[in-house]
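Have a look at the structure below, then the notes.
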């Protein structure tokens with residue numbers, strides 16, 4: 001009995017020992033299960049693609065198909081994929097050095113590289129919309145290309161065209177005027193009006209001898225708000241002071257001529273800027289007096305010479321003491337007066353006088369009533385210019401031709 005009891009206890013212990021081993025096996029199994037869970041959770045760089053990872057190649061190379069952030073490489077991520085992308089600047093701009101396809105910008109890719117290419121039509125052929133180098137030769141290729149209006153001129157990129165060239169808009173022309181599909185420069189301020197180039201006072205480009213003549217186009221001041229417009233300002237003299245000294249200065253300026261140029265109403269001329277203007281084609285002179293440089297002249301004599309201005313005193317600067325008289329229509333008042341150019345350096349009687357010797361435009365040195373004239377024919381001799389207006393600051397003399 002004693003042996004059986006001991007044997008039973010031994011069996012019982014064995015049974016408990018077996019259960020203990022079984023518990024150990026279960027424990028080991030639980031450990032195996034915990035390792036898989038760790039793998040499923042995902043750690044970037046462990047070589048296992050986790051649930052929140054696009055890829056995981058287990059390396060620290062940021063230039064392959066999988067970034068070190070476990071995101072798949074794509075064009076535009078700012079990281080160059082070696083062997084796949086030529087570049088990657090990480091922006092959506094398609095006109096810089098790296099295109100949106102992650103390729104280096106190049107002439108012929110159909111994308112204008114801003115600041116480098118002037119155009120890009122997707123090929124490198126010459127003679128079409130864009131030259132083969134996508135650059136400056138567009139304007140030097142000898143053919144009408146790109147947005148040019150004529151050969152190597154016009155459009156938004158090339159230089160404006162000269163007169164006679166084909167144009168589509170005013171900006172295609174050096175003269176800033178496209179008329180009936182051709183660039184045109186007006187010959188004078190009258191044509192500026194006729195061609196519809198402008199109708200406000202100011203500087204305009206004119207070519208007095210036309211596109212075929214040897215002379216260059218020049219800027220002149222056109223007066224369009226006075227007597228129907230189309231006047232060219234050729235002389236301006238501001239606020240002469242009283243006395244003989246000022247008269248001498250005025251005389252020195254009005255006695256000579258100079259090449260046609262831009263005369264500013266706000267400045268004093270050193271000469272009558274009329275050389276180069278075809279005087280035979282111009283028939284009107286307007287000798288004006290204005291209260292200031294900011295306003296049109298308000299008093300003037302309008303002279304019309306059907307034979308043209310050639311040889312007329314103050315138009316050619318060759319004045320004699322016995323100049324013939326001409327008729328001037330005077331404003332204000334609408335009077336018609338017979339006037340004579342006064343040009344006597346000895347007495348400094350300078351300008352235009354009527355039959356009684358009154359200075360209507362210029363300086364009358366007769367003492368004690370010496371005065372500047374401003375077209376006031378009703379004033380007694382010889383202070384024809386001694387009106388209240390002459391005491392105001394800022395007045396000026398002007399000569400216009402048309």
What FRET efficiency, computed as 1/(1 + (r/R0)^6) with R0 = 60 Å and r the Cβ-Cβ distance, is obtained for residue 336 and residue 147, rounded to the nearest 0.05?
0.60
May I ask you to list the residues of the range 70-98 whose amide nitrogen lies under 17 Å from a point 7 Å from Cα along the Cα→beta-carbon direction of residue 48?
70
I need the P(r) histogram for the range 80-146: all alpha carbon pairs, bin width 5 Å from 0 out to the longest distance, whole percents.
4, 21, 24, 18, 14, 10, 6, 3, 1
Based on the Cα gyration tensor of the range 186-401, what are the three equivalent ellipsoid semi-axes, each the root of five times an eigenvalue, rounded to whole Å and given largest first?
28, 18, 16
Any chance you could run the full-extension gain for residue 246 through residue 116? It's 0.36 nm times the residue separation minus the Cα-Cα distance, nm to one decimal.
40.8 nm
Here the gain from full extension of residue 266 to residue 180, 0.36 nm per residue of separation minus their alpha-carbon distance, amounts to 27.3 nm
How far is it, in nm, from the label point at residue 392 to the one at residue 84 when both lie 7 Å from their Cα along the line to the Cβ?
8.2
Tell me, how many Å apart are the Cα centres for the range 252-294 and for the range 172-247?
12
Pulled fully out, how much extra length does the chain show between residue 69 and residue 162, if you take 0.36 nm times their separation in residues and subtract their Cα-Cα distance?
27.3 nm
With contacts defined as alpha carbon pairs under 8 Å and 6 or more residues apart, what's the relative contact order of the range 196-299 in percent?
22
For the range 152-311, evaluate the Debye formula with one uniform point scatterer on each Cα (no solvent term) and list log10 I(q)/I(0) at q = 0.16, 0.17, 0.21 Å⁻¹, rounded to two decimals.
-0.95, -1.04, -1.40
Expected sort for 81, 349 with the fewest Cβ neighbours (10 Å cutoff) up front is 81, 349
Everything considered on the Cα gyration tensor (a ≥ b ≥ c; rounded for a/c under 1.5, else prolate if a/b is larger than b/c, else oblate), the range 258-356 must be described as rounded
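Values in this text are rule-based calculations from the coordinates and carry no lab data. Values in this document were obtained by computation on a predicted structure and should not be read as measured data. For neighbour counting, all protein chains shown are included, and Cβ atoms are generated from backbone atoms with ideal geometry for every residue, glycine included.
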